[in-house]
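Worksheet for the structure shown next.
All of the numbers you see were taken from the coordinates with simple rules; none came from a lab. Treat the numbers as computed from the prediction; the structure is a model and nothing was measured. So basically every Cβ, Gly included, is an ideal-geometry build from the backbone, and we count neighbours across all protein chains shown.
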Amino acid sequence: MFDWSPIFLSLELALCTTLILLLIAIPLGYWLSKSNSLFKPVVEAIVSLPLILPPTVIGFYLLISFSPESAIGSFFNNTLGLQLAFSFPGLVIGSIIYSLPFMVHPVANGFSSLPPSLAEASFTMGKSKFQTLRKIELPNIKNSILTGIVLTFAHTIGEFGVVLMIGGNIPDETRVLSIDIYSKVESLDYQTAHQYSGMLLGIMFLILLLVYFRRQGNKNVLL
């Protein structure tokens, strides 16, 4: 019998991660594009670390951090009543960390690509920084935001190493699609692995196709 729970769990994880990262990436990307702080290179290095670190390394340190014996794990466990290791909330936090550059970089690059005269013109009209951000800058980087959303969503669904390290393979809790495909191959259930993989491939292709059609449509409007 075909089990839909890994698919729904993967989509739920990707949606939660994408929405939370979108809220983080807009102020962080804005600051990175405007700041001349001495701490900016440090923040950029931290944001970019998941791009070069092996997922198992990130997963290992997160697993240690999520342990009830650690300060972070103890705080969540005793104060909020949340167990992070081998749980869905832990997967969400791990996915946020691992997918951080896939949302922040496109948004920061979008802000950096805007001409300074755009904000200056808004300021001369009496608009505040927040009004300029909301009404002028964000609408002009919507393609960059869309790119970040798609990359983050797709990257989260395809996660394996981090998810396996901090979540394991618990049915209906941490057994996301990538883990279940691995389990099916390991147990020589190639038919189900084909079904899951084919469905995932189709979903990702359709999402990318819609994004590129949208970009093409925007270019045609400009022309």
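Observations on the model:
- Label separation (Met199 vs Arg134): 4.1 nm, computed from points 7 Å beyond Cα along the C-beta direction.
- Cα long-axis angle, helix 5-34 against the chain (0 to 90 degrees, to the nearest 10): 30 degrees
- Going from the residue with the fewest nearby Cβ atoms within 10 Å to the one with the most, Met204, Met165 rank Met204, Met165.
- Protection proxy ranking, peptides 21-27, 129-135, 185-191, 158-164, average beta carbon neighbours within 10 Å, highest first: 158-164, 21-27, 129-135, 185-191
- Whole-Å distance, taken between Cα centres, linking region 1-76 and region 96-126: 20 Å
- Packing-based order for 114-125, 6-17, using average beta carbon neighbours within 10 Å, highest first: 6-17, 114-125
- Ignoring aspartates and glutamates fewer than eight residues from Lys34 along the same chain, the ones with Cα atoms less than 14 angstrom from its Cα are Glu44, Glu120, Glu137.
- Taking each residue as 0.36 nm, the span from Leu51 to Ser37 lengthens on full extension beyond its C-alpha to C-alpha distance by 2.7 nm.
- In degrees, nearest ten, helix 142-157 long axis to first principal axis of the chain (Cα): 10 degrees
- The chain: angle of helix 88-113 to the longest principal axis, Cα-based, in degrees nearest 10: 20 degrees
- Volume per residue of the C-alpha convex hull in the chain, rounded to whole Å³: 153 Å³
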